[in-house]
Structures are given as structure tokens and as C-alpha cells.
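Asks: Sharing a structure with you now.
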2 protein chains.
Amino acid sequence: MNLLNEIAERYPAAISFAAGRPTEEHFDFADLSRYLGLYRDYLVRDKGYSDAQVNRELMQYGRTKGVINDLVARNLLVDEGITADPESIVVTVGCQEAMVLVLRALRAGPQDVVLAVAPTYVGLTGAARLLDMPVLPVRDGAGGIDLDDLLAQVRGARAAGLRPRALYLVPEFANPSGVSLDVPTRRRLLEIASAEDFLVLEDNPYGLFHRRGERPPTLKALDTDRRVVYLGSFAKTAVPGARVGYVVADQPVGSGVLADELGKLKSMLTVNTSPIAQAVVGGKLLEHGCSLVAANVREAAIYRRNMDLMLAGLGRFSDVTWTAPDGGFFVVLTVDFRVDDALLEHSAARYGVVWTPMHHFYGGTGGFNQLRLSCSAVTGAEISQGLDRLAALVTDVRRGV
Amino acid sequence: MNLLNEIAERYPAAISFAAGRPTEEHFDFADLSRYLGLYRDYLVRDKGYSDAQVNRELMQYGRTKGVINDLVARNLLVDEGITADPESIVVTVGCQEAMVLVLRALRAGPQDVVLAVAPTYVGLTGAARLLDMPVLPVRDGAGGIDLDDLLAQVRGARAAGLRPRALYLVPEFANPSGVSLDVPTRRRLLEIASAEDFLVLEDNPYGLFHRRGERPPTLKALDTDRRVVYLGSFAKTAVPGARVGYVVADQPVGSGVLADELGKLKSMLTVNTSPIAQAVVGGKLLEHGCSLVAANVREAAIYRRNMDLMLAGLGRFSDVTWTAPDGGFFVVLTVDFRVDDALLEHSAARYGVVWTPMHHFYGGTGGFNQLRLSCSAVTGAEISQGLDRLAALVTDVRRGV
């Protein structure tokens, strides 16, 4: 996605529907020191730490698997009903490092492959590329995953001498498609994973941001067979600048769990996640009783409002279809002309609006008539004006201008 | 090194000469918020940032190559006389991530190998293992590197169909040997790297901590041919808990520099280094005019005192030899019996003193009569008592007790 960042940098005045960043509306520098103080108070009061122990915990090298694991476990229980042993959690440098660690642990040799619902988040394909691990696409279909295609891919891979180790997906408001899996599909997916003996890598950065309806259970909450490795991000729910994520990996390995193996790999990759950054996230968790639902009431309202405005605003387009997700950050438009990086550059330069060509999420093998619009980091006025600009682009492209 | 951490955890009362951690004597939690404030003031005054821009820089996703690159460049100029374009710097999650990124960039295929002066820092061998990249050892000899063996290894590797891409070393107070390269050896090494066309990966975490004498120029300061990739750590000189390091990679690649390629790889590994953690380091740099020599006057005095005490205290041993480095954290003892993990465990359990078996730094192929003592994170009293305990162990081992 370097090209996209570059285009965004070159046209700073363009309205951006490209970035999947969280809203900055409630960012406040003063929060950082307050979070650090809350975490210190917790260490002193709840854990009985001396000043020297507080200094050591925050400022010295820290435990490879993390220092806020107990708070992360409480968050998972409070918000998701997931019971996780803190020792099955590794706190990582964002969810991206978690993906690299998990793929590296699963990759014993060149025959090991990962499956991923396509279109696929580029972070996963990037992590796999870094490790020279093939990614086999699985069709998403209308329900977020085509389970028949999943079975066909798994069996086809085995027939070709490959070992499908895991399936990666974002079951709730997927990036980029915005689509969610219903509960029966979630259950059926877990049955298939058990029957066919592969892991499910559940990435859930947007699950808290529902526009309407109830939040369905995560795959991990439904997991009775330790099939699910849960990839957690605090980038959208706490502070992106902390770069703190985590992974729940409670699968038995030897006398321990997969998390222990991930910890060993992490010691060779980043040694440990900054305890200062962890303390910032820990302080925010403590401030809200370890509930990120509670911590994100204002932000969730912004995302709901923006998605409503975006979907209403799309009414001005004709001969264009779009998804209408129940939440999250992303809407996908399907148009009747080719959508590529050249069109994006043209859009940025001449129309002052940027977005993400969907072909990036298909490894360049599809999506050439689709584009992704993100509504997370824009104002209501920007949504309206940005859609006007996009409409002008669409009109002119059709006219051949 | 998981075993070593585990032993240290199981015997918390043991005096530790094992950990190469910086002293905690001057850690102060209150520093963290002050550093953040100093960095904010710098953004406002020197860069003209608004409050919203400050919030975005610290709390939003950040630039992949880093945000404090200009301060790092100033530090390199002030303390090392190195002129580095901030765009040739990538700020990383500790020096460990920098090593992974550089090795990954150099590893185009299975024929690419890295050379390393043996005994070798386990962070480098770990990074290479993570990437399935072979490490070829080069003898250190009395002067820190045996240049004849280096040439023999490079040419032998080529003859075997391998591509030696780089040599890794810690030229000043090496971990674990404590040995330093003199200036003529540094110059000769750079000539060989140019003539034989490989890079030099210079890791310099201890260079500021001289016990006596002048600081010699770094390899990077002597580098006129862009042969040196400089690996920087702030763990010993700023705040370990920030987990911030960096790499200077000014080698031309395409229309850019190697740092740009490392940035692309970093976007797949950790996306970006926490700007909050970078701001903590940035604030400490700003507080001391970007000089870490100035920032570490008290710490350098502790390390000098401790090394003096350690070397004086070793006088109680007979039939043991030890290195006497001019600075840094480490002394290596050579004894007349086998030194392995079982002896370490025995030492921890029965004598209350832990240290590091040197065989870990030889990939298990040597060093079985050597142990490393670190004097960085102990008090004077602990050094005295720890050496008494070690002397008792040595006596008992020789008696066959």
C-alpha cells in the first residue's frame, strides 16, 4: 500500500476515503500521561509494586509475551465473553506482528500454506510474502465465505502436496469487503476446521462498531475445539500510536500452548512489545473497566453517523452498486469501468478525492471494477463533498473525458 | 535465551551477572511524561504543529520509516560525527527488528548468507534463524576479528555457490566477548568489504561506555563507500522500555536508498514503530541537545565503577583467565572445566549466582570452558558477593563436589 500512501501524501488537499484509520476527533495528548498514571496506580494498588518495581516494569526490557496480558484477558471476557488464560496471550507490536508470528510458527516448510478469504486484507498477504508463504484464496460469496469453495481449496491443496495450516478471515465487517458472517456460517466454519484439521485465524479489528443490530459472537467465543487463533488490535479501539495488538493462541503444543512458541519467535523478531506503549493501552482499559465498548461510545457514534451519511449519499449514483454493511469502516462500490491505480491518481489530481482500488486486495487478479470507500476518518461535510467529487469522476469517466 | 530467563525467574534471589540490561539506578517514572511533553513542545515550537497535528503525530498510525529521524540524525552527528540523511534512517522496534529487516532485504534466495564474528550476539543468530538464513562464523582472534579468516570465509562461501551478503559485528565492546577493534583493523575491514563486495552490519549498543581512553570512530564514521549499515539501539542509552532502535541504510537501491526497501518490509512486519515510544526517546534526546554522551554521564560512571570492581574482584580467582575490556558491559572468563546450562542451573540453585554460558554464542560448537559476566545491572556490593559465590562454585567444581 506504499503507492496509496504516496498518492495521499502528494495530494494532501484531497478528501480521503482511502485510509482505514480511526477518527481523530477525540484524540487528546493529555490522555497519554493520564493513562500511564492509571497503569502505575494499578501496579501499586492491585499488585503491590514499589516505585522501583514500577520503574522496572515500564522502563526496563520486559517480558516477551507481554505485561498487560491480564487486562487483555479481562477485556476479552467483558466485551466478548471469551475466557482466555493470560498465558495464552502474546502482546504484540500491533496485529501485524501477531500475523507474522502465527504464520511463521505454522510454516515448517515450503509445503505449508495459508488460506484467506478473498478479497484479503493486505496486512495478511504482506506478512505471508515476508515469510515466502503462499496464500490460497477462498471465495467470499454473499455470506462472507463460500464454504464449498473452502472445502475445495483445502482438499485441492492437499491433493497438490501442500499442507493448508490455517484459514485467515475478518468475520465481522471485513476489510475490505465490509461483509460479516452470520452465526450459522460461523458454526459451520468451525466444524469444517475441526473435520479438516486446520486453524482459523480470526482477525477482529472492527467488531465493536455496529451500526444496527446485536453483535454476534466471535468465532473464538464459539470455539470449543481450540481451533481459533484470535488476532486482536487496539489500533481502532484504544490508541493507534501505541502500536499494541495481541494474539490468543491456546492450542496445545508440547507441554505448553502455541502462545509459548509465538513468544520464542517474538524474542527473535522484536524481543518484547514496549511496556510504555502497553501501559498506555492498559491505562485506557483500566479507565473503562476493561471494556472497549464503554471506551468507544463516542467513536462508535461517529462511525454510525458516517456510515449512514455515506450510504445515503451514494443514492446520487446511478448504474453503480454498493454494499450496505451493518457496521465497520468500509463500503465497496462496483462500477461499469476499469478501476486501477492510474484512475486513482487521476481522481486525486483532478477531482480531489482518494479511495482504494479493490484489485490490491485480490493480488491483482480481480476487483478491477471495484473501489473501497472508508468512512472512518472523515467528517460529515467531507463525506458529502467527497461523494460529489467521486460522482463527477464517474460521470466524466463514462463520457470518456 | 529463553532458558536463561527461565533460570533467572526460578531463582530470583540469585545475583545476576547474566542479564546485559542497563542499570535501573536512575530510572524514574516521572521522566516519561516529561519526555512526552518535551517532544510535544518541540513539535509546536520548532515545527509549528497545531494541537491537532500533535495529537495526530503521537496517537494516529505514523510514518513507516519513523517520526524522530531528524533527531536521530542530529544525535549521530553530535555523538559520532556521522552525517546521515534522515531519509536514510528507519526507526525500528528495537535494534532486533532492524536486524530482521536488513537480513530479509539481503536474502533474495537460499544462497544468500550472512557472516558474523564468533562468538556472536544471539539476537543476530535468532534473526537469521527466523528467516532461514545461514550464518557463517568468522574467527575473532585477539583483535576482535581475524581478517584472514574473514577473507577465507567469504571466498570459501563463494566457491560453495553461496552469496556472502554482509558481515555482522559489534566493533566496540562486543557482546559477548567485550573485545574492540582498533582503528587500523577497522580501516582494513572496510577495504576488504569494498574489495570483496559485501556490506558491514555495524551494531553499536555499548560504544558510549568507555572505561578509559578515547572513543575510536565507528565504522560508519570511517565509511566512504557506503559499505556500512549502522544498527542503532536506544535500549542502553535512552529507555529500554521504549523498544526503539534504528538503522542507517544509505546504500543506493534503484532511485532510492536501502532504507526505503527496509521501510517496505517494515510495513509488512510491524507497520510502524509506536510514535509514543519514539516521542519518549525524542524527548530524552531533546533534553540533552541530542547527545546521548551527555544524557549518560551518570550511567557511564556506574558502568566504569562496576567494571573496575569486577576486574579487581576477579583477582581472587586462580587458574582462571579473563578479558579486561576498556568498557562496555561484559567480561569473559576462561576456566579449566566444562561450562554448560547444567552448571548454570547448579550455580543458580546452590550458589545463588547466575551468568551466561558462552557456548550459546557459538551455536553450541564451542565456548564450553567460558562464561560471560555482565556488570551493568548490579551494585558494587552485589559484584563482591556474586564473585564470592562464583569462587565457591569454581572451588567446588574443581574438587568434584
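Read-outs throughout are calculated quantities, based only on the coordinates presented, and are distinct from any laboratory measurement. Keep in mind the model is a prediction, meaning the values are calculated, not measured. Don't worry about glycine lacking a Cβ; one is built from the backbone with ideal geometry, like all the others, and counts go over all protein chains shown.
Asks: 5 Å is the cut-off here: which amide hydrogens, built 1.01 Å from N in the peptide plane, fall below it relative to B:Gly232, excluding neighbours closer than 5 in sequence?
Replies: B:Tyr246, B:Val247, B:Val248
Asks: Measuring from label point to label point, each 7 Å out along Cα→Cβ, what is the A:His288 to A:Ala312 span in nm?
Replies: In this crude label model, A:His288 to A:Ala312 measures out at 2.6 nm.
Asks: Once each part is reduced to its C-alpha centroid, what is the distance from the range A:159-226 to the range A:94-141 in angstrom?
Replies: 15 Å
Asks: Over what distance in Å are the Cα centres of the range B:351-385 and the range A:272-312 separated?
Replies: That distance is 45 Å.
Asks: Quick one: among A:Gly328, A:Gly178, A:Gly213, which has the greatest mean-square fluctuation in a GNM of chain A with alpha-carbon springs under 10 angstrom?
Replies: In this elastic network of chain A, the residue with the biggest mean-square fluctuation among A:Gly328, A:Gly178, A:Gly213 is A:Gly213.
Asks: Turning to a different aspect of this structure: Any chance you could give the angle, 0 to 90 degrees and rounded to 10, that helix A:147-159 forms with the longest Cα principal axis of chain A?
Replies: With rounding to tens, the tilt is 70 degrees.
Asks: Further question on the same structure: What is the ratio of the Cα radius of gyration of the protein assembly as shown to 2.2 N^0.38 Å, where N is its residue count, to two decimals?
Replies: It is 0.97.
Asks: Could you calculate the contour length gain from A:Ala221 to A:Arg338, that is, 0.36 nm times the residue separation minus the distance between their Cα atoms, to one decimal place in nm?
Replies: Here the answer is 38.0 nm.
Asks: Using 7 Å Cα-to-Cβ label points, what is the A:Ala349/B:Leu77 separation (nm, one decimal)?
Replies: 3.5 nm
Asks: Once amide H atoms are placed 1.01 Å from N in the peptide plane, what residues at a sequence separation of 5 or more from B:Ala116, or on another chain, have their amide H within under 5 Å of its amide H?
Replies: Those lying under 5 Å, H to H, from B:Ala116 are B:Leu136, B:Val138, B:Tyr168.
Asks: Still on this structure: What order do you get for B:139-148, A:254-263 when each peptide is scored by the mean count of other beta carbon atoms within 10 Å, highest first?
Replies: Packing order, densest peptide first, comes out as A:254-263, B:139-148.
Asks: Average partner chain C-beta neighbours within 10 Å, per residue of B:235-247?
Replies: Partner Cβ neighbours, averaged per residue: 5.
Asks: Separate question: Would you please classify the overall shape of the range A:201-357 from the alpha carbon gyration tensor, given that a ≥ b ≥ c denote the square roots of the eigenvalues, rounded means a/c under 1.5, and beyond that prolate means a/b larger than b/c while oblate covers the rest?
Replies: The shape class here is prolate.
Asks: Now, a different point. Compute the angle between helix B:183-196 and the longest alpha-carbon principal axis of chain B, please, reported from 0 to 90 degrees and rounded to the nearest 10.
Replies: 60 degrees
Asks: Between A:Gln53 and A:Arg399, what length in nm is gained on full extension when 0.36 nm per residue of separation is reduced by their alpha carbon distance?
Replies: So the chain would gain 117.7 nm between A:Gln53 and A:Arg399.
Asks: Within 10 Å of each Cβ of B:124-135, how many other protein chain Cβ atoms are there on average?
Replies: Mean inter-chain Cβ contacts per residue within 10 Å come to 3.
Asks: Running a GNM on chain A with Cα contacts under 10 Å, which residue among A:His346, A:His360, A:His210 ends up with the highest mean-square fluctuation?
Replies: Judging by the Gaussian network model, the answer is A:His346.
Asks: Shifting gears a bit: Quote the FRET efficiency, to the nearest 0.05, computed for A:Glu24 versus A:Ala392 with a Förster distance R0 of 25 Å and r equal to the Cβ-Cβ distance.
Replies: 0.40
Asks: Give the angle, between 0 and 90 degrees and rounded to the nearest 10, that separates the Cα long axis of helix A:275-287 from the longest principal axis of the Cα atoms of chain A.
Replies: So the inclination is approximately 80 degrees.
Asks: Over chain A, what is the mean sequence separation of C-alpha contacts under 8 Å (at least six apart), divided by residue count, expressed as relative contact order in percent?
Replies: In percent, rounded to a whole number, it is 24.
Asks: Find, among the trypsin sites (Lys or Arg not before Pro) in the range B:320-401, those assigned to loop by DSSP (not H, G, I, E, B) with at most 16 other beta-carbon atoms within 10 angstrom.
Replies: Details: sites: B:Arg338, B:Arg350, B:Arg372, B:Arg389, B:Arg398, B:Arg399; in loops: B:Arg338.
Loop-located and lightly packed - B:Arg338.
Asks: Would you pull out the residues with amide H under 5 Å of A:Val353's amide H, same chain only if 5 or more places away, H placed 1.01 Å from N?
Replies: A:Ile15, A:Ala348
Asks: Find, among the residues of chain B, the one whose Cβ sits nearest the axis of the rotation taking B to A; state the distance in whole Å.
Replies: Residue plus distance in Å, as requested: B:Ser33, 2.
Asks: Still on this structure: Per-residue Cβ counts within 10 Å, from other chains only, averaged over A:27-34: what number is that?
Replies: What the average comes to for A:27-34 is 6.
Asks: While we're here: Cα gyration tensor of chain A, axes a ≥ b ≥ c as square roots of the eigenvalues: rounded (a/c below 1.5), prolate (a/b > b/c) or oblate?
Replies: Oblate is the answer for chain A, as a/c is 1.5 or above yet b/c matches or exceeds a/b.
Asks: Starting from a label point 7 Å past Cα on the Cβ side, list the distances from A:Asp197 to the same position in the other copies, nm, shortest first.
Replies: With the label placed 7 Å along Cα→Cβ, A:Asp197 yields 4.8 nm.
Asks: What are the ³J(HN,Hα) couplings of the range B:87-97, residue after residue, when phi is run through the Karplus curve with 6.51, -1.76, 1.60 and θ = phi - 60°? Round to Hz, x for glycine and proline.
Replies: Per-residue couplings from phi come out as 6, 8, 10, 10, 7, 10, 7, x, 5, 4, 4 Hz.
Asks: Another question, then. Give the cross-link partners of B:Lys236 among the lysines, using a straight C-alpha distance below 19 Å as the criterion and excluding same-chain residues fewer than 8 apart.
Replies: Counting by Cα, and skipping residues close in sequence, B:Lys236 has these lysines nearby: B:Lys284.
Asks: Related question: With a sphere of radius 14 Å drawn around the Cβ of A:Gly400, what net charge do the other residues whose Cβ falls strictly inside it have (Lys, Arg +1; Asp, Glu -1)? Write down the numbers at each step before the final one.
Replies: Numbers: positive: A:Arg338, A:Arg398, A:Arg399; negative: A:Asp336, A:Asp396.
Spelling it out: positives minus negatives among the neighbours equals +1.
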